[in-house]
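Enquirer: One structure follows; several queries about it will come next.
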Amino acid sequence: MNPLSMLDRKIVRDLVRLWAQSLAVALVMACGVMTLILALGAARALDDTRTAFYDRTRFGEIFASATRAPESIKAAISAIDGVSAVATRIVNPVIIDITGMAEPATGMLISIPDHGDPAVNRLYLRSGRLPEPGRDNEATVIEAFAEAHGFRPGDTFDVLINGRKRSLSISGIVLSPEYVYAIGPGDMVPDQKRFGVIHMHRSVLDGAYDMKGAFNDVSLTLSRYADRKDVIARLDRLLEPHGGTGAYGRKEHVSDAFLDTELSQLRAMTQVIPPIFLFIAAFLINMILSRLIALEREQIGLLKAVGYTNAAITWHYAKLTLAISLVGITIGAVAGTRLGHGMASLYGEFYSFPFLVFSQKPDLYVISTLVTFAAALAGAANAIHGAVQLPPAVAMRPPAPTRYRNLFNASAGGFRLPFSQLTVMALRHLVRWPLRTALTTLGTALPVALLITSLFAFDSVEHMIDTIWFQADRQDATLTFASDRSGDAIREVSRLPGVMAAEPFRATAATLRNGHRSRNIQILASDPVTDVSRVLDREFAAIALPPAGILLTERLARHLELMAGDQVDTELHDGQGRRVLVPLVGVTNSYVGLNANMSRQALDRLSGRGGLISGARVIVDESRLDDLYAEVKQTPAIASVALQGISRQRFRAVIEENIGISITIYVTLAVIITFGVIYNSARIQLSERARELTSLRVFGFTSGEVSSVLMTELGVMVILAQPLGWLIGHTFSVLVAQGFATDLFRIPLIINPSTYAVSSLIVLSGALVSALIVRRRIDRLDLIRVLKTRD
Amino acid sequence: MEPEPASKTSAIFEITGVTKIYQTGEVEVRALNGVELKLQRGEMAVLLGPSGSGKSTLLNIIGGLDRPTSGSVKFKGEELAAASDRELTLYRRNHVGFVFQFYNLIPSLTAWENVALITEVATSPMSPADALALVGLENRMHHFPAQLSGGEQQRVAIARAIAKRPEVLLCDEPTGALDSATGIIVLEALARVNAETGATTAIITHNAGIRKIAHRVYSFLDGRIASCVVNEVRIQPSEVSW
């Protein structure tokens, strides 16, 4: 017994016969399925892991710091309505001295209770153990830092704690929910070697920082129905007298904000890229099936004549569509799953989770399958509908000859278009099927757009690097003091080895408000005219800081709904708690963070305490860098050091690696779409016009001349697709740049002409190769067979 | 009508010992089996015979669309059997006009443009308008094939074939798809073209009535020429009984 019905056998044979075209469509579908599984799976993995990890470690929901708050107010904090747990801590930046590493690393030294787990922000132990009571030199370090240095429990390293060098012994290696994305001061991307997080017993830090009975950092978890805003307001009031710098929620927590950015990028990818592929796949299915049905018109008539129902014929072609889709779904699912694992391990490098399982729940595959089937059937519907509509007697007769319009008329009197008849043939065919021409053009434009959208990141990053490190923050290092010092300290900095120039700055935490809108930021104040670190205006020109008033970055001004000339309600968190209206004198440009700048004299006046500086930005003689590093490691007054030069190199390396990966993916995707669209388009044209083209060969036209008809048609569509692709690509890029803009950083929209050119070249090459594959078939046209048959 | 063309002594085609064997799967089909034939310059020849007798195969070989399995096909003394694809293409382009049963017009080009398609690449063509006038279609020049009747379409095909002033005009069942009245109009066009341009014309047909318009009639049977009859008296196409 043969399990296949005759019609099913026909499907199998059709698939074998149409394998190349079917595969081209299946690959386009596979790209859609792959990106869907990849992006959706990765987003879920990240989201689920984050939720699970935060729950397990009781990650805080509200965070605040102060200069020195008495432990006694902890009770008052706990009593705030909606607060479920409170952890007070001592948190300070430190300089870490690693044997064999010239440059100093920076770290955050955080206290943990001497006994038991913290109520908030628990540690996840990866190896070893937490410090034992009484062992004052024991500490845990975060895993990324430990791995970067090959640290194991029992290893030691030196830290400069409040001016005293101490040798710490690693008792255990941990993960912290606060440092899933661990980024050091002044860095744009994590640098595991140069940034570490160290946890030690509270009693040890009490002593080291003279903070007995006091804390400078607090984290809270909330009950389910807590009013966040209210909690923040009450907490701020409690901490205000003790140098509170303004409480904030998870959304403003750097590590979590980076995770959020990644998640929103993944979700955007889910919403944009798979639909592009599925749309193109649907269109290709429509094109192929329409042609197949046109060729099988008489067979359909015959089937109907012998009693097959419309439903049976519909189901027959639907099954063919589903069979092609199934191939695409299978390839896409396998590729998506494999790439998903790759993505998960890539995330493993950036995000410190105890586990990151790429979600492979069956529903992901069910969703992908259903969406793909739906898209394919939508594409097929119109073609199948046309087939079943014909009465059998009509279907068995050949279709009426195609009527053309008398356009591009080479014989028209007067004005004569310089087209040969071969060109006229090609152009009239394009105009005869306007929808198909338009969709093929769009289908070729989309890979151009996709490439521009992925390649423009190169241009933007180059521009960012130039702006951030060569126009704005041109210092080699930023030294931050343990606490504000008198302005004379700049002279000491200038005397440090290798320092060629030093510019002082003062940083003060502040809350800026405008009505109900507010932001906790740092006001950075420097001399009115600076050369090392400069503030840029919207045209990227360096500007002098005005003697009064404040400058805000564009994004911050927009967030606060403020324009130049408005008054900014400014509250300084310097222990004085002054709240004054400061005029917004200008809007500045920055790609990183939310910045507020003032001149030092303006901030001095505002705070009522003049002449203080928080640190210095320095230019260093490169040949003496090691001397400076060695000195910084010995200088108690310097709490942290940000090395801009190394940050820049690290940023470039990480971004280039990421861009490299994404470009490989996008170029592959673009080539697959181009091949799918052009190859199918050419095959269908060849099938429709086999008779015409063979006739031309018979009349003595060479293969080259005959293919020129096909090539002209494809060429016109591919050329038209370029400007359309540039336009769509530009629009996508605008959306991407807007979508990726966060309070942490934003990507400038810079698209160099070469990006348009490269994108077009890739697609043009892909189109040319696809067309040439089909062109070879023209050489093999059977000149005799076609003359004996009717159309 | 004249019994013989003017240059009756010079053969434009000399075909000797031509066989053609098609290998279709495991079956060997001997389409031509030792054909000997000379076509004279300017003559009108009719190749008559039932389906499968080999006449189309021979026409395809003469037209440079196919090569014989063995034997020799000489066009003006040049061997076609050994010509490359490129040489055959040029041969078709420069010397041969084709007319087929199903017209093979380009549907996206008007009558004028279908003719111009060929004249654009020919070395010394007549104008498309003149070619169309020769077949009586001067008033239908700017119609598309879909707007023309079958007979009109076939006349466009003839105009296209002759516009390049070919030395050979090969017609494969030119009236096969037409009714008798239309068929006669097409034959008249062919006879007129033969007379006015002097193109050697070979017409394949299985319609025996047509044979009397030719100078010479070759009858095919089982891949061979069974007989060759010279018409001492040719009739006008209008006298053909269908």
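The values are calculated or read from the model by the stated rules, or taken from the named source; none is laboratory data. Since the model is a prediction, treat every value here as computed from it, not as a measurement. Cβ placement follows ideal geometry from the backbone for every residue including glycine, while neighbour counts extend to all protein chains displayed. Remember, those area values only see protein heavy atoms, side chains included, never the ligands or the DNA or RNA. Shrake-Rupley method; radii C 1.70, N 1.55, O 1.52, S 1.80 Å.
Enquirer: Note down the Stokes-Einstein diffusion coefficient of the range B:74-204 in µm²/s, whole number, using a Kirkwood radius over alpha carbon pairs, 4 °C, and 1.567 mPa s.
Expert: This corresponds to a translational diffusion coefficient of 88 µm²/s.
Enquirer: Tell me the angle of helix B:150-162 to the major Cα principal axis of chain B, expressed in degrees between 0 and 90 and rounded to the nearest ten.
Expert: So the helix axis and the longest Cα principal axis differ by about 70 degrees.
Enquirer: On average, how many beta carbons from a partner chain sit within 10 Å of the beta carbon of a residue in A:696-706?
Expert: Partner Cβ neighbours, averaged per residue: 6.
Enquirer: I've got another one for you. Extending each Cα 7 Å along its Cβ direction at B:Asp179 and A:Asp566, get the distance between those two points in nm, one decimal.
Expert: Spacing of the two 7 Å Cα→Cβ label points: 8.6 nm.
Enquirer: Let me ask something else. Give the calculated FRET efficiency between A:Asp155 and A:Ile183 to the nearest 0.05, with a Förster radius of 25 Å applied to their Cβ-Cβ distance.
Expert: Efficiency, rounded to the nearest 0.05: 0.55.
Enquirer: With 18 Å as the cut-off, how large is the P(r) tail for the range A:535-673, expressed as percent of Cα-Cα pairs?
Expert: Of all Cα-Cα distances in the range A:535-673, 71 percent exceed 18 Å.
Enquirer: With a 1.4 Å probe and every protein chain left in place, work out the accessible area per residue of chain B in Å², rounded to a whole number.
Expert: I get 39 Å² per residue for this part.
Enquirer: Can you compute the modelled spin-label distance between B:Val229 and B:Ser72, with each label point 7 Å from Cα toward Cβ, in nm?
Expert: For the pair B:Val229/B:Ser72, the computed spacing is 3.1 nm.
Enquirer: Principal axis lengths of the range A:646-760 from Cα atoms, whole Å, largest first?
Expert: 70, 24, 21
Enquirer: Can I get the semi-axes of the range A:91-210's equivalent ellipsoid? Compute them from the C-alpha gyration tensor as square roots of 5 times the eigenvalues, in angstrom, largest first.
Expert: One finds semi-axes of 20, 16, 14 Å for the range A:91-210.
Enquirer: I would also like to ask the following. Run the paramagnetic zone check for A:Asn310: 7 angstrom along Cα to Cβ, then residues of the range A:373-389 with backbone nitrogen under 11 Å.
Expert: A:385-389
Enquirer: Answer with one residue from A:Gly498, A:Thr314, A:Leu364: the one whose Cα lies farthest towards the positive end of the charge dipole of chain A, charges on Cβ with Lys, Arg +1 and Asp, Glu -1.
Expert: Comparing the listed Cα positions along the dipole, A:Thr314 ranks first.
Enquirer: Evaluated at 4 °C with a viscosity of 1.567 mPa s, what Stokes-Einstein diffusion coefficient in µm²/s does the range A:370-493 have when Rh comes from the Kirkwood expression over alpha-carbon pairs?
Expert: For these conditions, the coefficient is 57 µm²/s.
Enquirer: With runs of 4+ DSSP H residues as the only contributors, calculate the mean residue ellipticity of the protein assembly as shown at 222 nm using -39,500 (n - 2.57) per run, divided by the residue total and rounded to the nearest 500.
Expert: Computed ellipticity for the protein assembly as shown at 222 nm equals -15000 deg cm²/dmol.
Enquirer: Okay, moving on. Using the charge dipole of chain A (Lys, Arg: +1 at Cβ; Asp, Glu: -1 at Cβ; taken about the Cα centre), state which of A:Ile778, A:Ser5, A:Thr99 has its Cα farthest towards the positive end.
Expert: Comparing the listed Cα positions along the dipole, A:Ser5 ranks first.
Enquirer: Further, regarding this structure: Report Rg(Cα)/(2.2 N^0.38 Å) for chain B, keeping two decimals.
Expert: It is 0.97.
Enquirer: Moving on to the next point. When all protein chains stay in place, what accessible area (Å², nearest 10, 1.4 Å probe) is found for A:Arg558?
Expert: So the heavy atoms of A:Arg558 present about 150 Å² to solvent.
Enquirer: Of the cross-linked pairs B:Lys20/B:Lys55; A:Lys229/A:Lys251; B:Lys164/B:Lys212; B:Lys38/B:Lys76, which ones have a Cα-Cα span greater than 23 Å in the structure shown?
Expert: Pairs exceeding the cut-off: B:Lys164/B:Lys212.
Enquirer: Shifting gears a bit: Please list, by residue number, everything in the range A:490-516 whose backbone N is under 13 Å from a paramagnetic label point 7 Å out along Cα→Cβ of A:Asp531.
Expert: Residues A:500-503 fall inside that zone.
Enquirer: Which percent, to the nearest 5, of DSSP beta bridges fully inside the range A:91-210 are antiparallel?
Expert: Roughly 65 percent of the DSSP beta bridges within the range A:91-210 come out antiparallel.
Enquirer: Something else now. Using the heavy atoms of the protein chains and a 1.4 angstrom probe, tell me the accessible area per residue for chain A in square angstrom.
Expert: Per-residue accessible area for chain A comes out at 42 Å².
Enquirer: Report the Cα centroid-to-centroid distance between the range A:413-491 and the range A:640-667 in angstrom, as an integer.
Expert: Measuring centre to centre over Cα atoms gives 19 Å.
Enquirer: Can you tell me how much longer the chain between A:Leu761 and A:Ser84 gets when fully stretched, taken as 0.36 nm per residue apart minus their C-alpha distance, in nm with one decimal?
Expert: Here the segment from A:Leu761 to A:Ser84 would lengthen by 237.7 nm.
Enquirer: Tell me, in nm to one decimal, what length is gained between A:Lys251 and A:His385 on full extension, where the rule is 0.36 nm per residue of separation less the Cα-Cα distance?
Expert: Stretched out fully, the A:Lys251 to A:His385 stretch lengthens by 43.1 nm.
Enquirer: Please compute, over every Cα-Cα pair in the range B:134-242, the percentage with a separation greater than 20 angstrom.
Expert: 41
Enquirer: Another question, then. Treating only the Cβ of Lys, Arg, Asp and Glu as charged (+1, +1, -1, -1), what charge dipole size does the protein assembly as shown show about its Cα centre? Round to the nearest 20 debye.
Expert: Approximately 2700 debye in magnitude.
Enquirer: Can you give the % of DSSP beta bridges in the protein assembly as shown that are antiparallel, to the nearest 5?
Expert: For the protein assembly as shown, the DSSP antiparallel bridge percentage is about 75.
Enquirer: Between A:Ile62, A:Gly207, A:Leu292, whose Cα lies farthest towards the positive end of the dipole of chain A when Lys and Arg beta carbons carry +1 and Asp and Glu beta carbons carry -1, centred on the Cα centre?
Expert: Most positive-ward Cα: A:Leu292.
Enquirer: Still on this structure, I have one more. Could you tell me what % of all Cα pairs in the protein assembly as shown have separations over 61 Å?
Expert: 36
Enquirer: What dipole magnitude, in Debye to the nearest 20, does the range A:91-210 give about its Cα centre under +1 on Lys/Arg Cβ and -1 on Asp/Glu Cβ?
Expert: The dipole of the range A:91-210 has a size of about 120 debye.
Enquirer: I need the Kirkwood Rh of the range B:199-242: take the reciprocal of the average 1/r across all distinct C-alpha pairs and report it in angstrom.
Expert: Every distinct Cα pair counted, the radius reaches 11.3 Å.
Enquirer: Follow-up question, since we're still on this one. Report the label-to-label distance for A:Ala637 and A:Thr67 in nanometres (one decimal), using points 7 Å from each Cα along the Cα→Cβ vector.
Expert: Label-label distance for A:Ala637 and A:Thr67, simple model: 1.8 nm.
Enquirer: Could you tell me how far the Cα centroid of the range A:747-778 sits from the Cα centroid of the range A:130-161, in Å?
Expert: 53
Enquirer: How many square angstrom of accessible surface are buried between B and A, both sides summed, with a 1.4 Å probe and rounding to 100?
Expert: 3000
Enquirer: Also, quick follow-up: Using R₀ = 22 Å, calculate the FRET efficiency as 1/(1 + (r/R₀)^6) where r is the Cβ-Cβ separation of A:Ser483 and A:Ser203; round to 0.05.
Expert: 0.45
Enquirer: Cα atoms only: what Rg and Dmax, in Å, come out for the range A:5-61?
Expert: 21.7, 66
Enquirer: How large, in Å, is the range A:1-156 by the Kirkwood hydrodynamic radius built from its alpha-carbon pairs?
Expert: Taking the inverse mean of 1/r over all distinct Cα pairs, the range A:1-156 comes out at 21.9 Å.
Enquirer: Further question: Write out the trypsin sites (Lys or Arg not before Pro) in the range A:707-791 meeting two conditions: DSSP loop, and at most 12 other Cβ atoms within 10 Å of their Cβ.
Expert: Sparse-neighbourhood loop trypsin sites (Lys or Arg not before Pro): A:Arg780, A:Arg790.
Enquirer: At a Förster distance of 30 Å, what's the computed FRET efficiency of A:Ser754 paired with A:Arg558, Cβ-Cβ distance as r, to 0.05?
Expert: 0.45
Enquirer: So what are the three principal axis dimensions of the range B:31-130 from its Cα atoms, in whole Å, longest to shortest?
Expert: Taking max minus min along each principal axis of the Cα atoms, the range B:31-130 gives 42, 30, 26 Å.
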